[in-house]
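What follows draws every value from the coordinates through simple rules; no lab data is involved. Every value quoted in this text rests on a predicted model; they were computed, and no experiment measured them. No Cβ is skipped: glycine too gets one built from the backbone with ideal geometry, and neighbour counts run over all protein chains shown.
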Amino acid sequence: MKRNGNKIRPGANLAGVNLDGANLARAKLRGANLKGASLRQVDLSRADLSGADLSGADLFSANLSGARLVNASVKSADFTGANLNEASFRWASLKSANFTGASLFCASFFEATLPYSQFRNANLLAADLQNTDCSFAEMSGANLWGANLWVANFSGANLRFALLAYANLQSTVLIEANLREANLARAHMPGAKLLGADFTNANLAAADLSGAEITTEGRTEDDLRWYYRFVENASWKNAILDGANLSGATMPDGTKNQ
């Protein structure tokens, strides 16, 4: 297959090429070099980009629905407004990638690295982010309804106004995360790490916070060497906790809620 004189095949060197608007649906681009390529509004639906390098690529408003980007390097790539429904980024490296306003319904980021990534107003409905590194990610206004964030790291992330109702946040790290005015109604949060998190005006109605960690109380000396720099008490000002399950949670005064 050729597009604009470029051979589209596994392992192809397409660094810096301009393929804007091209139809590359179901293209076989495993291990291809697309670093810095311009792929605006390209159709890569169901394409195989496993192991490809898309670092710094421009995929504005592209269609990657159902695409495979397993183990791909996607650092600083721009997916603003892109269609990534059911795309797979399993084990991918996505540091500082931009997904602002993108549609990621049922997308998989299993064990991917996403620190400092941008998901502002993105649709991550029912997405799989289990065991991901989303530290310091910008996710304000994101839709994470029913998403799986099991044991993921969201320390320092901005989740203000995010929709996390019915999300799985079991053992999720939310240390110093901003959850002001977020909707966590009926979220599943047993064992979540909430040190220094800000829940001001958040909705936690009927959320399960059993066994959640809200203070450093009871931590070992080794643990505290890591935790010392974080604010001890989470902010719950005006948070809605109607029907929330806080059984076994370690509260700000060090006591365990019965």
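With the structure loaded, tell me whether A52 is surrounded by 24 or more Cβ atoms within 10 Å (Cβ to Cβ) and in contact with a Leu (Cβ under 9 Å, 6 or more places away or on another chain) or whether it fails that test. Answer is yes for this residue.
Taken over the range 34-64, the criterion of being closer than 15 Å to A92 by Cα and out of contact with any Ser or Thr (no Cβ under 9 Å at 6 or more places or on another chain) is satisfied by D48, L49. No other residue among K75, K35 is under 20 Å from S135 (Cα atoms) and not in a strand (DSSP E or B) apart from K75.
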